[in-house]
1. Between E332 and Q142, what is the FRET efficiency for a Förster distance of 60 Å, r being their Cβ-Cβ separation, to the nearest 0.05?
2. How much length is gained on full extension from Q198 to R286, taking 0.36 nm per residue of separation minus their Cα-Cα distance?
3. Separation between the E400 and A418 pseudo-spin-labels, each 7 Å from Cα along Cα→Cβ, expressed in nm?
4. Is segment 329-461 rounded, prolate or oblate when judged by the Cα gyration tensor, a ≥ b ≥ c being the square roots of its eigenvalues, rounded requiring a/c under 1.5 and prolate requiring a/b larger than b/c?
5. Between H444 and D594, what is the label-point separation in nm under the 7 Å Cα-to-beta-carbon projection?
6. At 0.36 nm per residue, and after removing the present C-alpha to C-alpha distance, how many nm does the segment from L351 to L297 gain when stretched out fully?
7. Using a Förster radius of 35 Å, what is the FRET efficiency between D103 and K373 based on their Cβ-Cβ separation? Nearest 0.05, please.
8. Taking 0.36 nm per residue of separation and subtracting the Cα-Cα distance, what length does fully extending D92 through E360 add?
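The values are calculated or read from the model by the stated rules, or taken from the named source; none is laboratory data. Bear in mind the structure is a predicted one, so any value in this text is a computation, not a measurement. Virtual Cβ from ideal backbone geometry, glycine too; neighbours counted across all protein chains shown. With ligands, DNA and RNA removed, areas are computed over all heavy atoms of the protein, side chains included. Shrake-Rupley method; radii C 1.70, N 1.55, O 1.52, S 1.80 Å.
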Amino acid sequence: MIVCGDDGLAHRLAAELRGVYAEQVTLVVPPSGRRVRQPVVGRARAASAALLDRVVNAAVNRTGTSGEPASNEQVVEAPEITEAVLTEVGADRAAALALVYDDDETNIRAALTARRLNPRIRLVLRLYNRRLGQHIEELLDQTAAVASGDGQGASLDASTTVLSDADTAAPALAATALVGTSKVVQTEGLVLRAVERQPPRPGEVADPGLCTLALLSATSNDPAGADGSEGSGEHGPHLLPDETAVAAATGRGTVVLEQVSYSGPSLPAGRGGVPPFASLFSRRLRWSLAGLVACVLALAVGLMIVTGEDPLYATYVTLLDLFGINDPAFHESTARQVLQLLSGLVGLLLLPVLLAAVLEALGTFRSASALRKPPRGLGGHVVLLGLGKIGTRVLTRLRELHIPVVCVESDPDARGMATARRLRVPVVLGDVTQEGVLEAAKIHRAHALLALTSADTTNLEASLYARSVRPDLRVVLRLYDDDFATAVYRTLRAAHPFALTRSRSVSHLAAPAFAGAMMGRQILGAIPVERRVLLFAEVDVAGHPQLEGRTVGEAFRAGAWRVLALNTSPPGRRRSEGASGEEDSAPASGLVWDLPPTYVLGAGDRVVLAATRRGLAELLGRRRRDRAGA
């Protein structure tokens, strides 16, 4: 296995392949002086740089004091990925290659070179542009098929998988920020919805949902407890428990599968920048227009009473008087003359109001493409810090859920500014570490804070300040180092035991999906369960003795994997998602849920299952050993 990258995801992915799948890994990284550091801002610059240097050094020198790489890992330094470098690290004979550089062009160029060197290699690419990634995936698979000689590639075990760490982590980050909103995995139109439930009270029976995915840690009520850590033993979270374990786990919360459904097309991206009619005019102007209309109606009614004319004619004459185009009422009654004078007066008042309406409408249209400011009465919203790759994806996810959002960004040319304008989301420009910036985002009335900038200490500083303003604020931090994320989580839980705090490492959330793709499995997504990860994958039953020929009940392995659904649709008719979130016209078909325990899994079946990382590794390892023996 070869992993090429320039940030924390590459090191986390290499550790995942070594620790979970026991694979021999070659890690290709830039020279020490040229490694890409996460950008930092404000007063957190020095601390963040020191932290990131420590993380990179710890990842490369994994064995502590010896300073040598792990025995099953080879570290190669290369300024760029060329054909010579790929040949040196053995890409021509490797089983899989992951290209997880932060630059899409670098990954694409290296993938084309690797496919030419080895048509049978399994490629996993990290690309932010999803539409381009779909085309690149099809191109590289077609190249492998042509190289096989039969044009179909049936004899090859090669595949190309394009993933985005932003897309993998965004659902978990967005869901964590919402009260009562379940954790969601969404891909190819499929939605898996899970929810954390508190332990039942004495005499109550917990609703198991469709199935119980996990038991939460026994120390979840202890702020200083090692919630979900790998070393917490029997007190830590228990993934995929059996019915006996669920019944015996009194006083522990659960994560259950509450709903499984298909998602429709994503929400339309506005109406071409045209604001709604109500937002064209201010509230004061609308009240002024309403008052003038009421005056006109009153004058028309008065004229109808005085002259005895029908309502339409009375309204018409009133409008003529209003605009000063009617003849003077010299020989009319006194009441008629008074009404004409009042109509003229109302007409004088109408002119400035109409002029103000025109100017406000023009100003609204002119500012439709500009950044919006948070409305005065806004409350119950989510404050999102950072509009980089991760922040942009999370912003899109929140707006699809109709959640009000206010963004804070220091760079006016950030990647997600165009998305914020298109979605008409208020944005506050400024450094979040400076006074007054979070106040401008209405943090004192916010529902949750999502700190997703690329600097760990900036996220931490903003979260601590927000806690001082709102001690009960729901806070979610994106942190670069997973160990640092664990330490921050435990400390904030101890300091604020009654407030919900979550710290998430994007590389920790994304690495299992990338590792599973390298092992030849389609990972639909991952759901974090405290400090552990539960994977959802689509697996062909053929070649897996643990599944093939067994019933659904017999195939269930507590703590390892559980069959959730059967996919009966042809592989070529699976739905795909483009860059804009729009899905093709293939039917949603195919997925059968609530399989009876007696259903026998055949060799031609494809199943959707939930699995732990080690459980999925065991499935893959058995199949690979069987192939090697054959």
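1. That pair, E332 with Q142, gives E of 0.10.
2. Full-extension gain reported as 26.8 nm.
3. 2.0 nm
4. Note, shape of segment 329-461 comes out prolate.
5. 5.1 nm
6. Extra length available between L351 and L297 comes to 17.7 nm.
7. For D103 and K373, the calculated efficiency is 0.55.
8. Fully extending the segment from D92 to E360 adds 89.9 nm.
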